[in-house]
C-alpha cells in the first residue's frame, strides 16, 4: 500500500501507524467530522501537478486551460485560477461558474459540439479567448451571432485527425466515427473560404485525442498529421491547441512520466511550429489523484459464490467503474492485520452494475462501520454524480497541511425535491 501511495501522491497520502492520512489530517477524522461518503481533495497535490506541467512544457510556455468538466468544485476552481491557469469549458453553466470563480474571459476556451446561440452570446459578451469550432453549422452560427452583436469571435477549428489511442472506447475523441471535430477536407474548405466569415478570426487549429492517454506517442503522431495538413492547406496558425487527456496512475499500469511526456511534445512542436502559441487542456492530470472517496462498510456479506463488502457509496456517487469498468485502488482506512480475501466492493443502488471494485484483496475482518478509501477519485467523481435512487449528493472537503475545510455541504433529503413545482 505504501508503495502505491508514494507512486501516485508524492507522499501526500500516507499511512501513519496503520491509519490513512491526507496531507497531515487523518482520514478517520475527516469522516468523524463530515460523515460518509465524502470526497476529499489535497490542495497541495493540485498545486504540485500544475507546477509539474509548467516544468514539463516550459520550452513552449503554453496557456494551461484546466478542463473543468473533470471537477468543477468552486474551491478547486479558485485554487487552480490562483496558479495562473485558464479554463476549458463546454457549456453555458460552466462559463457562469468559471466566471464566478474569477476566471477572466481572455483565459477561457469554449469547446463542445452543441453550443447554443444563447451560450455563444454569453461567451461573446465575456470576451472569451477562443471558441473551439466542431462543425460547419456551428461556425456559421458563431459568425452570424457575432455579426448581430457587432463583435469579432476568435476561433480555432477542431480537426479530427483519426488518431488511435489506448484508452476506453467511450473516451476516444479523435476517431473519424465520433461526433467530435471536423474532417480534414471540411477544415481545408473553411480555411479556403474564411473571407466569407466576416465576423470570425480563425486563429488556429485544435485537436483532442481522448482521455487518460498514457504516452506522448499519439500526440506526436497527431502533430505530424497536422503538419502535413497545414502544408497542404497552406495555412499558418498562430495557435495550436493540443487538448488534454494526459494520463495518470490508477494502478500499476505503465505511464510515461510527465517530464518525458511534455519534453517530447515540446521538442517536436518547437522544431515544426516555430512562433506558434500552444494551448493545453488538462483536467484529470491536475485533479485525478488529488482526490479520494471515503466510504464506510454497511455489511460484510458472504455467500457460497461471492464475498461482498456493501458500502454507503454507490454508482450514483462514483459512476466510473460502472460506466467504463474503470479501476480505482481500494484501501482500508485503518489496516487490520490478518487474512486477506477477495471481495466485490458494492454500493446500495438497485443495479447489478453498482460496484466500486471487483475481486479486491482486503482484510477478512472488515465489518460494519469500518472505513475504506477509493483512490484516484478526484476527476469525474463528484462532477458525474447524481441523485439516483433518491440519494443526496455527498460532501466535498479540501485539505491543506493539517487543516480541513468543507467546500460543498452534504445535500439533505429536502434538496431532492426543492426545484420541483
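Bear in mind these aren't lab numbers, they're just calculated from the coordinates by the rules spelled out. As the structure is a prediction and not an experimental result, all values here were calculated from the model. Quick reminder, even Gly has a Cβ in these numbers, built from the backbone with ideal geometry, and neighbours come from all protein chains shown.
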(message) What FRET efficiency comes out for residue 195 versus residue 361 if R0 is 51 angstrom and r is the Cβ-Cβ distance? Round to the nearest 0.05.
(response) 0.20
(message) Which of 40, 270, 333 ends up with the largest GNM mean-square fluctuation for the chain, with Cα atoms connected below 10 Å?
(response) 270
(request) Kindly identify segment 43-285 as rounded, prolate or oblate by the Cα gyration tensor criterion: order the square roots of the eigenvalues as a ≥ b ≥ c, call it rounded if a/c is under 1.5, otherwise compare a/b with b/c, prolate if a/b is larger, else oblate. (result) oblate
(request) Between residue 251 and residue 411, take the C-beta separation as r, use R0 = 45 Å, and let me know the FRET efficiency to the nearest 0.05. (result) 0.90
(request) Evaluate E = 1/(1 + (r/R0)^6) for residue 383 and residue 162, where r is the Cβ-Cβ distance and R0 equals 35 Å; express this FRET efficiency to the nearest 0.05. (result) 0.75
(request) Give, as ranges by residue number, the residues of segment 364-407 whose backbone N falls under 18 Å from the point 7 Å along Cα→Cβ of residue 420. (result) 386-393
(request) Please determine, in degrees from 0 to 90 and to the nearest 10, the orientation of helix 258-272 with respect to the longest principal axis defined by the Cα atoms of the chain, where the helix direction is its Cα long axis. (result) 10
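Can you bin segment 10-99 into rounded, prolate or oblate? Criterion: square roots of the alpha carbon gyration tensor eigenvalues sorted a ≥ b ≥ c, rounded for a/c under 1.5, prolate for a/b above b/c, oblate for the rest.
Values: a/c = 3.52, a/b = 1.48, b/c = 2.37.
Oblate, because a/c is 1.5 or more while a/b does not exceed b/c.
Which length gain, in nm to one decimal place, applies between residue 227 and residue 277 when the Cα-Cα distance is subtracted from 0.36 nm times their residue separation? Don't skip to the end; give the middle numbers.
Details: separation 50, 0.36 × 50 = 18.00 nm, distance 1.47 nm.
In short, 16.5 nm is gained.
Under the rule of -39500 (n - 2.57) per DSSP H run of 4 or more residues, summed and divided by the residues of the chain, what mean residue ellipticity at 222 nm is obtained, to the nearest 500 deg cm²/dmol? Please report the intermediate quantities before stating the final value.
Numbers: 12 runs with 120 residues, N = 421.
Mean residue ellipticity, 222 nm, calculated: -8500 deg cm²/dmol.
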(request) Specify the angular offset, from 0 to 90 degrees and rounded to the nearest 10, of the alpha carbon long axis of helix 136-148 from the longest principal axis of the alpha carbons in the chain. (result) 70
(request) Post the alpha-carbon centroid distance, segment 171-250 to segment 36-110, in whole angstrom. (result) 22
(request) At 7 Å along the Cα-to-beta-carbon direction for both residue 324 and residue 150, put a label point, then send me their distance in nm to one decimal. (result) 4.6
(message) If you fit an axis through the alpha-carbon atoms of helix 217-233 and take the longest principal axis of the Cα set of the chain, what angle between them do you get, 0 to 90°, nearest 10?
(response) 10
(request) With springs connecting C-alpha atoms under 10 Å apart, model the chain as a Gaussian network and identify which of 233, 373, 153 has the largest mean-square fluctuation. (result) 233
(request) Please build a GNM for the chain, connecting alpha carbons under 10 Å apart, and tell me which residue among 303, 217, 156 fluctuates the most. (result) 303
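Need one number: % antiparallel among DSSP beta bridges in the chain, to the nearest 5.
50
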